[in-house]
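So the structure is just underneath, and the comments pick up after that.
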Amino acid sequence: MESVPPTERKARHWALLWHEWTLVVVGSLALATVMTWPTLRHPTRTIPSDTGDPTMQAWQMAWSGHALRTDPLSLWQANAFHPEPNSFAFTDTLLGYAPAGLIGTGPVAALVRYNIVFVLVCALAFVGAYALVRQLGAGRLAGTVAGIAFACAPWRLAQAGHLQVLSTGGIALSLAMLARGHGWSLRHGYRPERARPGWALAGWCAAAWQLSLGFGIGVPFGYALGLVVVVAAATWLRRRPPLPRRLLLADGAGLAVFLAVAAFMARPYLAVAEQFPYVRRSWENLQWASPPLRGFFTSPGTSIVWGEMHAGARAALGHRGETSLLPGFTLYALAALGLVISVWTLRQRLLLAAGVVASIVLGMGTQGPWGGRPTYGLLYVLPGFDGIRTPGRLVIWTTLLLAVLAAGTVTALAQRVRARPVGLALALLPLLLVAEGLNRMPHPDVPAAPAALATAPAPLLVLPSGATIDGIPMMWATDRFPPMVNGAAAFTPQRQASIRDAASHFPDADSVALLRATGVRSVVVVRAAVKGTPYEATLEGRTDGLSVRRVDTPEAVVYLLDPA
């Protein structure tokens, strides 16, 4: 075997270090760290945004890893929401992050894991959008602009507590892989000689992984992917260019993987919908989270640049967390300029612009023209859409289409640069996009678990309990995953609501009887958390004649329910 001279070997190492994709990955990680700071400053005790949904999602990753490690067949039978079946399917599961859940155990590991994934989600969004516009035919600067626009859009700040909504990188990345695998780009069309079946298969697998993160984003993505397939097939039928046999096999295998994942995910959700019919959203239910048109030009309050300036507009929007949907004014401007100056053809620009308008109109839900019936109503009748409560999250597609339009503009301008001022202005575009994404996102401390929780007999109930606070006890339970009544999800089962209501009078005869009938063996009342809540009286509850034993600890009061 011929040895490589040291000088040549060193040159190869430097070439790899300065390779475009090495710089893209490293740059995306640096950007994500800065834009999410101080997420990684104290990852063992703080969490981004709030302690509601994020702690519940930290539990989700921990549970999926625990189930894969101990009993994969019990994946959907989570320890939360005792005694309800299929409780892991009560909301989007983030199942695609299960491999991360295999690393470490306990609440601290769950917290660190969540914080790291929170940063990586931003980095993947950048890489996905960069890869997509580069494959479509845009330049490197345009890829950087698209990546920042997609990863740092102001609307993402309003969704900081919803990791499943922020996890959009797989959408752009899978589309990029599929386009590369089929030898297709916007600028050059289909070139059979550039087809790469392996990339096509990887694209389908990336799409399946994206779907596994949750149906809230996955259902629209699945239909969008289906639309792409239909358009591609119609285009092929018109011209019938040659298709490599290996590419067809890769598409067949990839599609089978995607459909298998969809079926695997859908089964427990259909069972939950049958057991709890009210999880399906009525048309009236959509009104509270449907944004008006001005919502797409209104920033969340945590934006440093626009937050205070848009306070009045947000106040008029109602449910501000789901209706402050600004993709970025810089992005809007670049996309608008793209209708005039672009490397994309006029037809392509008009189609992209039509897609932007359509995504906004559909994202308006019931606020769309004529009450949204002829627009979002067309999606609402499709299977899966009646489980989505937030039409405005279609802003993901608005942002991606705007980024593609903007990439065409930046590429065209970069090719025409002659004067230094124009080149400097182009170089500043990424900084303008970054500025719009700068934020003052809170990073609250997550309270530590009371020591008594580690030994309390299960099934158990932790008080206080509520839809917005149960994520904390769920995360506390990641050391041993005891069955527990506590649980936070997209809806509240009637049995859980009844137990919460009865527990506000605990310990009395009725609440003790209900808990015993549910199989609960202990109630852990967290002293610091219960104060000021409807459960505060449980700290001084009397257990005379109830066959209930009370154990006082510095951090909690534990009630042990003896069998009746």
For segment 367-380, in order, what is each residue's ³J(HN,Hα) by Karplus, 6.51 cos²θ - 1.76 cosθ + 1.60 with θ = phi - 60°, in whole Hz (x at glycine and Pro)? 8, x, x, 6, x, x, 5, x, 10, 5, x, 5, 7, 4
Two-site label geometry, HIS505 and VAL228: point separation in nm, points 7 Å out along Cα→Cβ: 5.6
Net length gained if the chain between PHE329 and VAL26 were fully extended (0.36 nm per residue, minus Cα distance): 106.4 nm
What FRET efficiency would be calculated for the residue pair LEU428, VAL357, taking the C-beta separation as r and a Förster radius of 35 Å, to the nearest 0.05? 0.80
Shape parameters for segment 142-212, alpha-carbon atoms, Rg then Dmax in Å: 14.4, 45
Along each of its three principal axes, how wide is the spread of alpha-carbon positions in segment 253-297, in whole angstrom units, largest first? 43, 30, 10
Once both labels are modelled 7 Å past Cα along the beta-carbon direction, what's the THR468-ARG527 spacing in nm? 2.7
Rounded to whole Hz and in sequence order, give me ³J(HN,Hα) for segment 48-65 from the Karplus expression 6.51 cos²θ - 1.76 cosθ + 1.60, θ = phi - 60°, writing x for Gly and Pro. x, 6, 6, 9, x, 4, x, 5, 5, 6, 4, 5, 4, 5, 5, 5, 4, x
Computed FRET value (nearest 0.05) for SER282 with TRP236, which takes r as the C-beta separation and R₀ as 56 Å: 0.90
Across all Cα atoms of segment 416-564, Rg and the largest Cα-Cα distance (Dmax), in Å, are 23.9, 89
In angstroms, what radius of gyration and Dmax does the chain have, counting Cα atoms only? 25.8, 89
Using only C-alpha atoms and all pairs of different ones, pull out the Kirkwood radius for segment 178-337 in Å with one decimal. 19.3
Work out how much length GLN415 to THR455 would gain on full extension: take 0.36 nm times their residue separation and subtract the Cα-Cα distance, in nm to one decimal. 7.7 nm
For the chain, with all protein chains present and a 1.4 Å probe, just round the carbon and sulfur fraction of the accessible area to a whole percent. 65
Determine by what factor the alpha-carbon radius of gyration of segment 172-240 differs from 2.2 N^0.38 Å, reporting the quotient. 1.15
Rounded to whole Hz and in sequence order, give me ³J(HN,Hα) for segment 292-308 from the Karplus expression 6.51 cos²θ - 1.76 cosθ + 1.60, θ = phi - 60°, writing x for Gly and Pro. x, 4, 5, x, 7, 10, 10, 8, x, x, 7, 6, 5, 6, 10, x, 5
Kindly provide the pair-distance distribution of segment 316-402 built from C-alpha pairs, with 10 Å bins from 0 and whole-percent values in order of increasing distance. 17, 43, 29, 11, 0
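Based on the alpha carbons, how large is the Rg to Rh ratio for segment 276-354 when Rh follows Kirkwood?
Working: Rg = 16.9 Å, Rh = 14.9 Å.
For segment 276-354, the value is 1.13.
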Please say if segment 112-270 is rounded, prolate or oblate, where rounded means a/c under 1.5 for a ≥ b ≥ c the square roots of the C-alpha gyration tensor eigenvalues, and otherwise the choice is prolate for a/b larger than b/c and oblate otherwise? oblate
Sorted on mean Cβ neighbours within 10 Å (highest first), peptides 164-171, 92-99, 512-519, 286-293 come out as 164-171, 92-99, 286-293, 512-519
What FRET efficiency comes out for the pair ILE103/LEU293, r = Cβ-Cβ distance, R0 = 30 Å, nearest 0.05? 0.10
In terms of the Cα gyration tensor, with a ≥ b ≥ c the square roots of its eigenvalues, is segment 446-521 rounded because a/c is under 1.5, prolate because a/b exceeds b/c, or oblate? oblate
For a quick protection proxy, order the peptides 183-191, 545-553 by their average other-Cβ count within 10 Å, most packed first. 183-191, 545-553
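Quote to one decimal, in nm, the extra length available between ARG480 and ASP50 on full extension: 0.36 nm per residue of separation minus the C-alpha distance between them.
152.4 nm
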Which value results when the Cα radius of gyration for segment 339-461 is divided by 2.2 N^0.38 Å? 1.70
Under Stokes-Einstein, with the Kirkwood radius over Cα pairs standing in for Rh, what whole-number D in µm²/s applies to segment 492-564 at 37 °C and 0.692 mPa s? 264
So what is the accessible area of segment 246-388 per residue, in Å², with the probe set to 1.4 Å? 49
So, by mean Cβ neighbours within 10 angstrom, what's the order for 337-346, 62-71, 21-30 with the highest one leading? 62-71, 337-346, 21-30
Over all directions, how big on average is the projection of the convex hull of the alpha-carbon atoms in segment 51-178, in square nanometres? 8.8
Treating only the Cα positions of segment 25-116 as identical point scatterers, give the base-10 log of I(q)/I(0) from the Debye formula at each q in 0.11, 0.16 Å⁻¹. -0.35, -0.68
In range of the label at LEU560: residues from segment 512-532 whose backbone nitrogen is under 16 Å from the point 7 Å along Cα→Cβ: 520-525
Would any residue of segment 460-500 have its amide N under 13 Å from a label point 7 Å out along Cα→Cβ of LEU539? List them or say none. 464
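The values are calculated or read from the model by the stated rules, or taken from the named source; none is laboratory data. Here the structure is a predicted model, which is why all the values come from computation and not from measurement. Methodologically, a virtual Cβ is constructed for each residue, glycine included, from the backbone with ideal geometry; neighbour enumeration extends over all protein chains shown. What goes into the accessible areas is simple: the full protein's heavy atoms, side chains included, and nothing from ligands, DNA or RNA. Shrake-Rupley method; radii C 1.70, N 1.55, O 1.52, S 1.80 Å.
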